[in-house]
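**Student:** This is the structure, below, for whatever I ask next.
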Amino acid sequence: MKIAVLGGDGFCGWPSALHLAADGHEVTIIDNLSRRAIGEKISAPSLTPISSISERIEAAKKVGNVNFIYCDIAQDPGRFKEALAAIKADVIVHFAEQRAAPYSMLGDLERRYTIDNNVTGTNNLMSLLVDLGQRPHIVHLGTMGVYGYNDDFGEIPEGYLDVTVKSTGKDVSITYPGNPGSIYHLTKVLDHQMMQFYAKNWGFQITDLHQGIVWGTETEITKTDPALMNRFDYDGEYGTVLNRMISQAQVGFPLTVYGTGGQSRAFIHIQDTARCIALAATNPPEMGERPQVFNQVSEVHTVRDLAQMIAEKTGVEIGFLDNPRKELAENKLMVSNEGLRSLGFEPIRLDEGLVLEIEETVGRFTDRLDKDVILSKARW
Ligand code: USQ
């Protein structure tokens with residue numbers, strides 16, 4: 001198939017694009033390189049050395065058919081339209097969004113940038129496809145954070161909740177109530193609503209992947225060539241919790257557990273992200289149906305349990321910090337991941353991959369770690 005990967009230079013987009021190319025698809029990455037630019041602006045470097053986009057694409061040609069178009073899909077709809085018209089994609093995977101919750105909560109500029117970039121980018125995509133008369137399968141990277149973390153509705157289903165309406169007694173399936181915890185998470189709630197409208201009105205096939213917190217760095221493919229290496233974020237704004245703690249352990253920095261660490265979250269390894277994207281891309285819903293939702297998650301842990309696991313394996317201390325975020329101090333989390341499992345998804349387990357990650361990837365680059373960027377500046 002012809003597959004366009006929007007945001008294919010980022011942490012999840014890059015290994016997913018390579019995986020799709022290795023599967024034999026013709027892949028075009030569309031990206032404005034904003035992740036690299038924000039990294040420089042806020043001094044949030046990747047722990048791993050990553051190649052320039054031209055070096056990446058040259059190396060990717062050995063994996064499969066990969067091309068690159070520089071385009072800002074939110075700011076430059078004209079160029080974006082030309083690219084979509086030329087590619088005529090069968091599938092469009094949409095990662096092209098500002099993806100860090102703490103970054104989105106730093107201040108007015110970052111709140112507006114995140115909303116403008118993410119919501120306009122998604123609307124531009126859908127709206128341009130309407131005018132072009134194209135109906136590719138859209139695979140959108142959403143987040144588990146759209147559901148929020150109260151456990152009033154029991155196990156979190158995949159996108160939709162079966163309820164009985166009190167006044168009529170009718171059984172209906174409604175969109176799971178959005179309960180975002182940051183401006184970033186809010187944009188994914190808005191994206192979902194928008195895509196639901198486009199599917200209903202213009203007949204699209206859409207898959208929304210509500211993904212958990214990604215950990216790990218490399219996939220089987222990115223490991224094969226230093227020019228293909230994936231980025232690894234450990235700073236206070238872009239680093240996700242498990243990768244942050246893995247890297248902190250390497251330099252003896254007390255593990256930054258926010259609050260009691262009783263926050264339960266869903267996790268997935270980066271290799272599984274790439275696999276799930278490929279599974280989703282090749283399994284579209286029926287045309288015009290409301291978006292199909294898969295919860296792209298492997299397992300659930302509390303932050304505290306993860307910190308203990310890393311402390312036991314490495315001997316580093318746990319440093320409990322006042323929680324800079326507005327979130328439940330303790331929560332239960334049960335999540336269904338039936339959709340992807342029914343398509344054959346067999347997740348990598350955290351206890352199997354953790355030591356390997358610490359030793360093989362992060363351990364090689366600890367001299368590049370800047371302790372000054374570990375603590376988060378965002379407060380809400
Ligand atoms: N946390 C700590 N210590 C840290 C960093 C985080 O205790 O040093 C805690 C946070 O308070 C939070 C949990 O760990 O309770 C997760 O934080 P995170 O920064 O790893 O994840 P989050 O901000 O939710 O965002 C990340 C990605 C985002 C993705 C989301 C999936 O940046 O793109 O959508 O994970 S999910 O959280 O399932 O919505």
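**Student:** Given the residues GLY64, GLY78, which is the only one that is surrounded by fewer than 20 Cβ atoms within 10 Å (Cβ to Cβ) and farther than 19 Å from ASP9 by Cα?
**Tutor:** It is GLY78.
**Student:** Only one of these is modelled with pLDDT of 95 or more and out of contact with any helix residue (DSSP H, G or I) (no Cβ under 8 Å at 6 or more places or on another chain): THR240, THR273. Name it.
**Tutor:** THR240
**Student:** Further question on the same structure: Scan region 161-182 and give yes if some residue there is buried (at least 22 other Cβ atoms within 10 Å of the Cβ) and within 22 Å of GLU97 (Cα to Cα), otherwise no.
**Tutor:** Yes, region 161-182 has at least one match.
**Student:** Only one of these conditions is not met by PRO45: (1) within 19 Å of GLU218 (Cα to Cα); (2) in contact with a helix residue (DSSP H, G or I) (Cβ under 7 Å, 6 or more places away or on another chain); (3) at pLDDT 95 or above. Which number is it?
**Tutor:** It is condition (3) that PRO45 fails.
**Student:** Against the condition within 16 Å of the ligand (Cβ to nearest atom), assigned to a helix (DSSP H, G or I) and at pLDDT 95 or above, how does VAL214 come out, does it pass?
**Tutor:** no
**Student:** In addition: Give the residue that is surrounded by the fewest Cβ atoms within 10 Å (Cβ to Cβ), with candidates limited to residues of region 289-305 that are among the aliphatic types (A, V, I, L, M) and farther than 14 Å from GLY262 by Cα.
**Tutor:** Applying the filter and picking the extreme gives VAL293.
**Student:** Residue check, THR187 against (1) polar (S, T, N, Q); (2) surrounded by fewer than 24 Cβ atoms within 10 Å (Cβ to Cβ); (3) within 16 Å of the ligand (Cβ to nearest atom), all met but one. Which one?
**Tutor:** (2)
**Student:** Starting from region 40-63, keep only residues that are in contact (Cβ under 8 Å) with a residue 40 or more places away in the chain, then list their pairs with residues that are part of a loop (DSSP other than H, G, I, E, B) and basic (Lys, Arg) whose Cβ atoms are within a distance under 9 Å, requiring at least 6 positions of separation or different chains.
**Tutor:** Listed by first residue and then by second, the contacts come to ILE42/LYS377; SER46/ARG231; LEU47/ARG231; THR48/ARG231; ILE50/ARG231.
**Student:** Now, a different point. Within region 269-303, count every residue that is in contact with a Phe, Trp or Tyr (Cβ under 9 Å, 6 or more places away or on another chain), within 11 Å of the ligand (Cβ to nearest atom) and over 18 Å from GLY344 (Cβ atoms).
**Tutor:** 3
**Student:** Turning to a different aspect of this structure: Does ILE115 meet the test of being within 30 Å of HIS301 (Cα to Cα), out of contact with any Lys or Arg (no Cβ under 6 Å at 6 or more places or on another chain) and at pLDDT 95 or above?
**Tutor:** Considered against the rule, which asks whether it is within 30 Å of HIS301 (Cα to Cα), out of contact with any Lys or Arg (no Cβ under 6 Å at 6 or more places or on another chain) and at pLDDT 95 or above, ILE115 comes out as yes.
**Student:** Restricting attention to region 128-172, which residues are part of a helix (DSSP H, G or I), more than 16 Å from the ligand (Cβ to nearest atom) and touching a residue at least 60 places away in the same chain (Cβ under 8 Å)?
**Tutor:** Result: LEU129, VAL130.
**Student:** How many residues does region 306-342 contain that are in contact (Cβ under 8 Å) with a residue 12 or more places away in the chain and either of a type outside the set (A, V, I, L, M, F, W, C) or surrounded by fewer than 13 Cβ atoms within 10 Å (Cβ to Cβ) (or both)?
**Tutor:** Summing the residues that are in contact (Cβ under 8 Å) with a residue 12 or more places away in the chain and either of a type outside the set (A, V, I, L, M, F, W, C) or surrounded by fewer than 13 Cβ atoms within 10 Å (Cβ to Cβ) (or both) in region 306-342 gives 19.
**Student:** Further question: Can you report the number of residues in region 226-252 which are near the ligand (Cβ under 9 Å from one of its atoms) and not in a loop (DSSP other than H, G, I, E, B)?
**Tutor:** Qualifying residue count for the region: 7.
The values are calculated or read from the model by the stated rules, or taken from the named source; none is laboratory data. Quick caveat: nothing in here was measured; it's all calculated off a predicted structure. Cβ atoms come from the backbone with ideal geometry, glycine included; neighbour counts cover every protein chain shown.
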